[in-house]
Amino acid sequence: MKNSWIFKGDFFKLWSGTFLSLLSSTLFYYSLIWWSLNETDSALSGSLIIGLGMGISIALSPITGWLADRFHRGRIIAFSDMMISVLFFIIGLLAIFNFTSVLLLFFARALISIGLAAIQPASRSLISDTVEKDLIEKGVAFQEVLNQVTQVIVPILTGILFTFLPFGYVWFLCGCLTFISIFLEFFIKDRRGSQKEVTFSRKELFTGFINLFNNKPLRNLLYGTSIQQLLFSGFPIYIAIWTSLLIKDKEWVGGVFQSIWGMGTLLAAITLSFLAKQEHLKIVAPALMIIFGLLLAPLGWIKNVFIGLTLFVITGAISGIVNIYLEGFLQRVTEGSDRGRSLGAFFAVNSSLMPLGYALAGMISEIIDENFLFLIVALPTPLVSFFIFRSVQIWEGKVKKSYETEKAPPL
């Protein structure tokens, strides 16, 4: 079978294990909102608990990136999930016996976030070591399929589970899913192995952040994705405003449009799992960013629901394609013994911009007329396109120079 690589070897162990882990952690996040509404009549405490996790992940990124470069990455993922599963079992059992509180969940969420923060750079840096080099983009696309499937099914699953089960049993189920993942992740063969030369020092801890500035392709890619993150973190706000104007007194439609966007991303990920190739990146990603901006800009003036839905599917698909190619490129541009730290630093910077993106969306929506919202968001897309193109161009130049040096005859 042409795509049998998905179900073989270490890549299968990696994606299946991390998928179960992702499923359980996402289910836990959604359950916190439901628990907060049920126990405190407010979603605020649940939102604060979830926000705590993001803050911990960003703060620990130098350490978690170092761990991914220093030790066996499969073991790091397995041991982290082992800790997380134990925590799920504990809070699940306590909730079954009616012993739970906001403070307890804050503490549990903090510890779970530490485990998840360790998993991220380890699992991301393993992708390119578990597939052939020409399959990296396809591997990333397949991982994105799983991420999108999780985002689609978990909200529905959460509602169904809480209809029939108390919170404690749901958290116990989260523990069971995570526990199963351990047996897959523990047997991943990390061909790179442990790197004893990566010592625990300030220089080694912050190597990833230093690389963001010294690695020119990585730096230009960070410029582009940072602008992208600032603009599109608040995209759900723009969708909610637009749909409230388009269809009066039917706020739920905003959620439907957000799901339509996600469906476009999912379709793109499924397609690229079979078609993605690295050589497409230099032209496809920058060109699609321009097309994305052109399709998005007039959206505020469109009053036809079906045209709006069509544009959301197309732009969602474009966004998915671009992100998958950039993730694959990121695997290539961070090759070396410090990949975990570079990936950790890169995503820490992008994640830290998400709250600013939401704040920016709120300010823009207050200042700008609703019809111009999507135009404002679309205006910087040529700049994003430029930085993506420039990043790939510099990287290709370095690869070509390295290849020519290797092929040059000895003096």
Overall Cα dimensions of the chain, principal axis frame, Å, largest first: 77, 52, 47
Tell me, what is the percent relative contact order of the stretch 55-164, built from C-alpha pairs under 8 Å that lie six or more residues apart? 37
Least to most buried among Val131, Val102, Val313 (fewest other Cβ within 10 Å first): Val102, Val313, Val131
Size of the dipole of the chain about the Cα centre, Lys and Arg at +1 and Asp and Glu at -1 on the beta carbon, nothing else charged, in debye to 20? 1120
Which order, highest average first, do 372-380, 138-146, 385-393, 6-14 follow once you tally other Cβ atoms within 10 Å for each residue and take the mean per peptide? 138-146, 385-393, 372-380, 6-14
Fewest first, what order do Tyr238, Tyr223 take by the number of other Cβ atoms within 10 Å? Tyr223, Tyr238
Projecting the Cα atoms of Thr271, Leu356, Leu299 onto the charge dipole of the stretch 207-403, where Lys and Arg contribute +1 and Asp and Glu -1 at Cβ, the residue farthest towards the positive end is Thr271
Where Rh is the Kirkwood radius over the Cα pairs of the stretch 207-403, the temperature 20 °C and the viscosity 1.002 mPa s, what D in µm²/s does Stokes-Einstein return? 121
Likely footprinting exposure, Met289, Met363, Met82, fewest C-beta neighbours within 10 Å first: Met363, Met82, Met289
Which whole-number percent is the relative contact order of the chain (Cα, under 8 Å, 6+ apart)? 26
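Values in this text are rule-based calculations from the coordinates and carry no lab data. What you are looking at is a predicted structure, and each value in this text was computed from that prediction instead of being measured. Ideal geometry is used to build each Cβ from the backbone, glycine not excepted, and the neighbour counts take in all protein chains shown.
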